Structures are given as structure tokens and as C-alpha cells.
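Asks: The structure under discussion is supplied below as C-alpha cells; questions concerning it will follow.
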């Protein structure tokens with residue numbers, strides 16, 4: 001428990017996965033900013049006591065943002081500057097559009113993040129990004145970030161080595177690696193949270209819990225069909241809930257919300273029938289693939305069915321568009337919004353605003369809540 005109430009702001013907040021983790025760790029969210037209206041509407045819906053602003057951060061100097069939050073003290077700053085130029089998925093997409101990746105303005109949005117750090121002078125700040133942030137462009141962006149941090153007013157330093165954490169090792173039913181750069185005032189200290197669960201490909205450590213599987217995450221949710229449009233569905237009666245499912249259902253009432261599902265192509269649905277759990281497009285027989293042909297050198301994993309006995313692979317921002325990469329393990333359809341949210345460890349009482357595509361994007365962009373909680377708790381312990 002915190003000895004006193006500590007405030008934080010969330011930059012590039014999205015729907016609020018990072019925010020929720022820190023809230024559950026005992027911190028108070030006093031401000032958040034993102035340029036997505038749907039994401040900010042979601043944030044407002046779930047963090048009613050927080051000032052949530054829809055605007056490009058470049059247009060909001062930290063002094064102005066301070067006025068918006070009534071000049072409240074800020075103890076922690078968290079956030080994840082957009083990562084398309086660093087990610088293995090985003091970079092090819094930019095190149096396909098004929099854009100120079102190195103010239104994309106999002107390469108330097110972390111500087112806006114650090115401007116807020118210098119102005120508010122928090123004890124700690126945590127910046128999340130893809131692992132490639134450390135190595136991309138021969139490590140020059142990362143080195144520049146460290147240099148800026150070392151020269152900030154307030155005498156800040158980075159907790160080294162900067163670590164890449166995998167969400168699956170913190171109770172999230174998904175393998176998702178992300179870099180978390182933690183900075184703090186030089187007189188303070190920080191230690192990254194230790195894993196609570198072992199990885200499917202790692203050693204079965206008797207001191208750690210078993211990883212959470214897809215079945216343990218979503219098998220209790222109501223059975224629905226392709227193109228399901230009923231947003232509110234009564235929970236299935238199930239007395240054998242997994243610990244994860246009990247955690248997700250806590251405070252949610254009797255109904256599941258945001259349980260809509262996208263419509264699949266009729267030819268794709270014919271392929272679903274032949275796909276085993278854990279299999280992908282190229283595992284199908286050549287004659288079956290002819291039903292829905294793709295360029296096999298590019299789209300080898302265009303269709304993938306989740307495996308009940310394993311965690312999910314990384315949930316991405318465009319899951320709403322590339323939903324065939326997330327075929328339900330038992331049902332011949334793609335994941336619903338709520339099922340995708342479960343894989344990111346959003347509890348069922350967390351409600352998403354916007355249309356179905358916007359909800360999927362918010363989920364895929366988020367920091368998994370349980371991983372955020374582990375990081376928040378590791379900092380909260382330093383104040384107890």
C-alpha cells in the first residue's frame with residue numbers, strides 16, 4: 001500500500017491499459033492525452049476522475065497541460081509513444097506506402113514525452129515501446145533518448161540495463177515483448193518486477209505459476225457466431241472458472257459487453273473448417289489453399305487458429321483488419337472484441353467506446369493491464 005496518494009499522468013494513453021495497471025497499483029490518474037477520439041472517449045468512460053484530452057501532444061505544451069489538471073503535483077509519468085517506425089510490422093507498411101521510415105515524425109515523439117518529464121519533474125517515468133526501439137537505426141534513436149534524459153533538468157538517470165519484458169511472464173495470456181525504459185531522480189532507485197509465471201518455452205520453474213492459456217482466458221465467454229452484432233450478452237453458466245476468468249469477471253455483473261465479432265469472408269470460413277488449433281495458412285493442403293489464394297511468400301501466416309493449450313501470440317493494433325490471424329480455437333470465426341480484450345488482460349467491466357474496428361485498434365495498441373500492474377506495483381513498493 002502507498003503511504004500517501006500519488007498522482008500520475010499517461011501520455012499517448014490510448015484506451016488506458018497502462019493507466020489501469022497503475023490505478024490498480026494504488027496511483028491516481030490526474031491527466032491523460034492521446035490524439036484518437038475513440039480512445040480518449042474510452043479513457044473518459046473508465047477513468048471518470050481523470051482529465052482526458054484528445055489532442056496531438058505536439059500542440060499541448062506541458063505548461064498548458066498543467067493548467068488543464070489544475071496544477072496538481074505529478075509523481076509518475078507513464079506512456080508509450082507510437083511505435084510504427086520501430087516495429088517489425090509497422091515499418092514494412094510504411095515502405096509499402098512509399099514513405100521513408102527514417103523521416104517519419106513519430107520517430108521523435110519520445111522527445112515530447114521527455115519535455116513533459118522535464119517540466120513536471122516526476123520521481124519516476126516509464127516509457128513503453130517495441131524492443132526495436134533499442135536497436136533500430138543502429139541504436140541512434142535510443143542513444144539520443146538516453147543522452148536527452150541524462151541532460152534533463154532535475155538530475156535524472158535511467159535504470160540500466162533497460163529491459164524487455166514479456167507479458168506472458170506476468171499472467172497475461174499472450175506472448176508480447178515490449179521495452180520498458182524507467183527513469184528516475186538520481187537519488188532514487190528502481191528494480192524491474194520479477195516474473196510471476198513461467199514461459200511456455202522456458203523451464204517449468206516450481207517457484208513460478210504456469211502461464212495462462214487461451215482456454216483459461218476466454219473459454220467461459222458466451223458462444224457466438226460470425227458477424228455477431230449483439231453487444232450485450234449474458235454470461236454462460238460455468239462453475240469451473242479459471243483463476244484468470246474469475247479475475248476478469250470481477251465487478252462485471254451478469255452480462256458481457258463489447259462482445260461483437262467481425263464478419264469473415266465466405267471463402268475464409270471454408271478454410272477455417274480445415275484448420276487445427278495452432279495451425280496457419282501454409283499448413284493447409286495446396287488444394288485447400290486454392291479456395292482463398294494469397295501470395296504465399298508474404299502471407300504464409302495470413303490465417304492462424306489459436307491454440308487452447310497455449311498463450312496467444314501478440315495481439316496487434318490492426319487485429320480488426322487482420323482478424324484471420326486470430327481465429328477462435330473452437331469456433332469458425334475470428335475473435336470478438338471482448339475476447340481480444342481478455343488476451344490483453346482488460347477486465348470485463350472495462351468498456352470500449354467507438355465502432356468495432358476502433359475498439360480492436362485500442363486493444364491492440366494497449367499495454368496489457370496485468371503487466372502494467374506489475375510495473376506499477378514495483379514502483380508503489382518503493383513508497384510504502
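The values are calculated or read from the model by the stated rules, or taken from the named source; none is laboratory data. On a predicted model such as this, the values are computed, not experimentally measured, just so you know. Here Cβ is always computed from backbone atoms with ideal geometry, including for glycine, and neighbour counts include all displayed protein chains.
Asks: Suppose we keep only residues that are over 13 Å from residue 214 (Cβ atoms) and part of a loop (DSSP other than H, G, I, E, B) within region 319-342. Which one would you say is nearest to the chain's Cα centre (by Cα)?
Replies: 319
Residue-by-condition table, conditions (1) more than 30 Å from residue 190 (Cβ to Cβ); (2) in contact with a strand residue (DSSP E or B) (Cβ under 9 Å, 6 or more places away or on another chain); (3) buried (at least 24 other Cβ atoms within 10 Å of the Cβ):
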| position | (1), (2), (3) |
| --- | --- |
| 301 | yes, yes, no |
| 307 | yes, no, no |
| 322 | yes, no, no |
| 360 | yes, no, yes |
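Asks: Assess whether residue 307 counts as being modelled with pLDDT of 95 or more and not in a loop (DSSP other than H, G, I, E, B).
Replies: Against the criterion (modelled with pLDDT of 95 or more and not in a loop (DSSP other than H, G, I, E, B)), residue 307 does not qualify.
Asks: While we're on this one: Could you list all residues from region 189-204 that are touching a strand residue (DSSP E or B) at 6+ places or on another chain (Cβ under 7 Å) and in a loop (DSSP other than H, G, I, E, B)?
Replies: 190, 192, 196, 199
Asks: Quick one: residue 253 ticks every box in (1) assigned to a loop (DSSP other than H, G, I, E, B); (2) touching a helix residue (DSSP H, G or I) at 6+ places or on another chain (Cβ under 6 Å) except a single one, so which number is it?
Replies: Against the list (1) assigned to a loop (DSSP other than H, G, I, E, B); (2) touching a helix residue (DSSP H, G or I) at 6+ places or on another chain (Cβ under 6 Å), residue 253 comes up short only on (2).
Asks: Looking at region 158-187, which of its residues are part of a strand (DSSP E or B), surrounded by fewer than 20 Cβ atoms within 10 Å (Cβ to Cβ) and in contact with a helix residue (DSSP H, G or I) (Cβ under 7 Å, 6 or more places away or on another chain)?
Replies: 158
Asks: Quick one: in region 270-293, of everything that is outside any helix (DSSP H, G or I) and either free of Cβ contacts under 8 Å to residues at least 12 places away in the same chain or touching a helix residue (DSSP H, G or I) at 6+ places or on another chain (Cβ under 7 Å) (or both), which residue is nearest to residue 215 (Cα to Cα)?
Replies: Here the answer is 274.
Asks: Any chance you could count how many residues in region 212-244 are assigned to a helix (DSSP H, G or I) and in contact with a strand residue (DSSP E or B) (Cβ under 7 Å, 6 or more places away or on another chain)?
Replies: Qualifying residue count, region 212-244: 1.
Asks: Could you check how many residues of region 1-30 are free of Cβ contacts under 8 Å to residues at least 60 places away in the same chain and more than 19 Å from the chain's Cα centre (by Cα)?
Replies: Residues in region 1-30 being free of Cβ contacts under 8 Å to residues at least 60 places away in the same chain and more than 19 Å from the chain's Cα centre (by Cα): 3 in total.
Asks: For region 124-133, state whether one or more residues are out of contact with any strand residue (DSSP E or B) (no Cβ under 6 Å at 6 or more places or on another chain) and modelled with pLDDT under 90.
Replies: Among the residues of region 124-133, not one is out of contact with any strand residue (DSSP E or B) (no Cβ under 6 Å at 6 or more places or on another chain) and modelled with pLDDT under 90, which makes the answer no.
Asks: Checking residue 349 against (1) touching a residue at least 60 places away in the same chain (Cβ under 8 Å); (2) over 29 Å from residue 36 (Cα atoms); (3) out of contact with any helix residue (DSSP H, G or I) (no Cβ under 7 Å at 6 or more places or on another chain); (4) in a loop (DSSP other than H, G, I, E, B), which single condition isn't satisfied?
Replies: Residue 349 satisfies all of (1) touching a residue at least 60 places away in the same chain (Cβ under 8 Å); (2) over 29 Å from residue 36 (Cα atoms); (3) out of contact with any helix residue (DSSP H, G or I) (no Cβ under 7 Å at 6 or more places or on another chain); (4) in a loop (DSSP other than H, G, I, E, B) except (2).
Asks: Which residues, taken from region 250-262, are surrounded by 13 or more Cβ atoms within 10 Å (Cβ to Cβ) and in contact with a strand residue (DSSP E or B) (Cβ under 9 Å, 6 or more places away or on another chain)?
Replies: Within region 250-262, 255, 256, 257, 258, 259, 260, 261, 262 meet the criteria.
Asks: I'd like to check which helices (runs of 4 or more DSSP H) are fully inside region 4-70 and have at least 1 residues that are in contact with a helix residue (DSSP H, G or I) (Cβ under 7 Å, 6 or more places away or on another chain) and under 15 Å from residue 350 (Cβ atoms).
Replies: 17-24, 37-46
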